[in-house]
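These notes are about the structure you will find just below.
All of the numbers you see were taken from the coordinates with simple rules; none came from a lab. If you're wondering where the values come from, they're calculated on a predicted model, not measured in any experiment. Every residue, glycine among them, receives a Cβ derived from its backbone with ideal geometry; neighbour counts consider all protein chains shown.
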Amino acid sequence: MINVRSLLLKVAATALSLAATAASAAYVTSHVKNPAAPLQPPVLASTSIRPTDVQPVTSTYAS
Amino acid sequence: MRRNDFEAMGTTCSLIGDADLDAGERWVHALAARITRFDESSELSRLNSSCGRWVDVSDELEQMLRASLHAYEVSGGLVNVAVLPSMLAIGYTRPLRQGWGSPSPESAQPLPDLRAVLGVRQGRARTLTPIDLGGIAKGWMADRLCEILGGQVLVNLGGDLFARGEWPVEVGGTTYLLRNLGAATSSTRKRRSGEMHHLIDPRTGLPANAEIEEVSVVASTALEAEILAKTMLIGGRAAA
């Protein structure tokens, strides 16, 4: 009985570890960030910018 | 809503809104004349020719120099206004409406550490290397002019723009409503002659061998957008 309980605990711990590893890997790959990049700009609030069909009054362009 | 389009700083500028746009245009022309490197009598040229001596500078030039040091810091050195010797080496010796000069790229050197050559105190500055404010000036001026004009106004100085209030603006082929935001685009396609273009990689002193041709950025100010766009263009994907 004790062996079965011990085995179940080991299996549960192993499954938990594997799940945490998989979840971490999924998060990291979906949030790519280069810590060596010199720029770490803040992300703008979506309320400050949104796509529109309105005719633009001007544009940003290289000059 | 009024609109005022005019030429200044070698590019097209647009002021849009209900503010005194004519006064805004006069402000741009007056300040541009003080910070141009193409006029030996300009305030910037006097600083450049001071051979490292401390000289009096206006409040506007002081703030642009401080913005230049900020740009150097946050870009990891990729945005460096001590770029004038390289500009001359690639043949960008005069306003481009007069054409490119003869390039001598073999004379180009890696740019110095800006913090070591540019000093700024209240009302005074010195530089050991000639500087060209370029897009830093345009971004700073767009932000500042919006403050001066007040109200709902959009200032676009050659693609470096700030939208005070909410305005529809085309960025990279898509139109966005920008509210109290800046935007800028950097590209190696413009101000180009053959293999030479005006975006200098400070690590070589030569035109950046950019893996990205054009970058558009929306940020909290036009100045920040200019810094981010230029850094990403020069530094490539590793800087993004």
Find the centroid of the Cα atoms in segment B:205-240 and in segment B:101-141, then give the distance between the two in whole Å. 18
Given charges at beta-carbon only (K, R positive; D, E negative), |dipole| of segment B:170-240 in Debye: 80
Amide H of B:Thr175: which non-local residues (sequence gap of 5 or more, or other chain) have their own amide H closer than 5 Å, using H built in the peptide plane? A:Thr52
Within chain B, what is the longest stretch that has no GluC sites (Glu not before Pro) placed in a DSSP loop and near at most 13 other beta-carbon atoms within 10 Å? B:41-194
Tell me, what is the Rg over Rh of segment B:175-216, with Rh the Kirkwood radius over Cα pairs? 1.12
First select every other residue whose beta carbon is under 14 angstrom from the beta carbon of B:Ile136; then total the charges, Lys and Arg +1, Asp and Glu -1. -3
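If neighbour count is taken as other Cβ atoms inside 10 Å, put B:Leu157, B:Leu47, B:Leu128 in order from fewest to most.
On the way: B:Leu157 28, B:Leu47 22, B:Leu128 14.
Sorted ascending by nearby Cβ count, the order is B:Leu128, B:Leu47, B:Leu157.
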Long-range amide H partners of B:Leu206 with built H, under 5 Å: B:Asp201
For chain B, set up a Gaussian network in which alpha carbons nearer than 10 Å are linked by springs, and say which option among B:Pro130, B:Pro105, B:Pro207 fluctuates the most. B:Pro105
In whole Hz, what ³J(HN,Hα) sequence does segment B:40-54 give by Karplus (6.51, -1.76, 1.60; θ = phi - 60°), x for Gly and Pro? 4, 8, 6, 4, 5, 5, 5, 5, 5, 8, 7, 6, x, 7, 6
Rounding to the nearest 10 and keeping the result within 0 to 90°, find how far the Cα-based axis of helix B:222-235 lies from the longest principal axis of chain B. 40
Given H placed 1.01 Å from N in the peptide plane, which residues other than close sequence neighbours of B:Trp100 have an amide H under 5 Å from its amide H? none
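For segment B:57-160, just say rounded, prolate or oblate: build the C-alpha gyration tensor, square-root its eigenvalues into a ≥ b ≥ c, call rounded for a/c under 1.5, and beyond that prolate if a/b exceeds b/c, oblate if not.
The shape class here is oblate.
Given an 8 Å cut-off on Cα distances and at least 6 residues of separation, report the relative contact order of segment B:93-240 as a percent.
Numbers: 253 pairs, mean separation 31.2, N = 148.
21 percent.
Only four residue types carry charge here, +1 at the Cβ of Lys and Arg and -1 at the Cβ of Asp and Glu. Report the dipole size of chain B about the Cα centre in Debye, rounded to the nearest 20. Walk me through the numbers on the way to the answer.
On the way: 25 positive and 29 negative charges, 82 e Å.
The calculated dipole for chain B is roughly 400 debye.
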